[in-house]
């Protein structure tokens, strides 16, 4: 069904396709899809796909987009969408950039959709636009959808990164040998399954530390690590700083946020009053 709102979809993980009467757009982690108001479309995820969508009333977006740098590629897409002379428009950010942006998107999704939070929402949206600017000027190659066995293994780990996955158990779940699964992961994902699981857990830690008031050890446990020191080393390698420093910076940027991260995975599709993340 067509919506009156302008929509900007951030693909945080997974793969999907979005269809209109005239277009088919493939999405992967790092994609930022702009959907014009009143454009009828539907999406088909390839298993577990995680997104956050910003909904904006067209008049509000038109009045406020002028505060963003005019040459920003995403601003160009938004302006074209508001003029209703475009279909679906996609930017492809590097996967590492989307990984870094994900905690920020999660914090944005926590803000209630109320009038008193509109300024805070718009401030964070501007922050997101600014953060994507250095990477969106050039189109980056989207991750290629892997074959079904690898996709199934990826989906299993994305759904439950806290689970104590064993290599043999994961391979059996997708009807491959351990050696086959490792080879296919290296060929199609770029890293073996164990490294991919560590990456997912570090990402989960980053979200928990930036959205909940918990200790590093508690975040490590919730993300699936039995030993916090291993979690800390992996986190520092991925994010360039230790989890304690990361949490301090993230909480200082968004003081007073509530523990509402669970709302991200099952968003409610309420009618937005202005910019509203779901």
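Read-outs throughout are calculated quantities, based only on the coordinates presented, and are distinct from any laboratory measurement. Just so it is clear, the model here is predicted, and its values are computed rather than measured.
Points to keep in mind about this one:
- Diffusion constant of the range 148-253 at 25 °C, which comes from Stokes-Einstein with the Kirkwood Cα-pair radius and 0.890 mPa s, µm²/s: 171
- Rg(Cα) / (2.2 N^0.38 Å) computed for the range 1-45, rounded to two decimals: 1.10
- Length-normalised contact order of the range 128-255 in % [C-alpha pairs under 8 Å, at least 6 apart]: 20
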